[in-house]
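What follows is a short report on a single structure.
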Amino acid sequence: MYQERLKLYDNIVSKCERFTRKGKTMPHTAANGYMFSLLNKAGEIGFRFDKATQEKYIKQFSSTHYTSYNAIMKGYVLIPETMHSDVDLLVDYLNESYDYVMRLPSK
């Protein structure tokens, strides 16, 4: 299952022209000094958003906060399996996540 999710994650990221995937053991994207998407060891995908957007998407996606290494990742939304088949939609959400971290102060 992890390998299938890694392929999905790589496919989503490859369709985004402004950034690339990083990390060999913990696949993620980062920009402006902030990570904004992750694939954890359970094969779960999380995208980072501002607090208001995070709360909105948790309700809209019938989802929850994203967890990695048994820690709740502040600002991240778990992308539910029900959305995995709509890669174009996930690309839009990942680009939105990128736009969010680019508005934050540089680290």
Quick one: in the stretch 74-102, of everything that is out of contact with any helix residue (DSSP H, G or I) (no Cβ under 7 Å at 6 or more places or on another chain) and of a type in the set (Gly, Ala, Ser), which residue is farthest from Thr29 (Cα to Cα)?
Ser85
Count of the stretch 19-70 residues which are farther than 15 Å from Tyr93 by Cα, polar (S, T, N, Q) and touching a residue at least 12 places away in the same chain (Cβ under 8 Å)
6
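Rule-based calculations on the coordinates, nothing more; no lab input. Keep in mind that this is a model prediction, so the values were computed, not measured. Cβ sites come from the backbone with ideal geometry, for glycine too, and all protein chains shown count toward neighbours.
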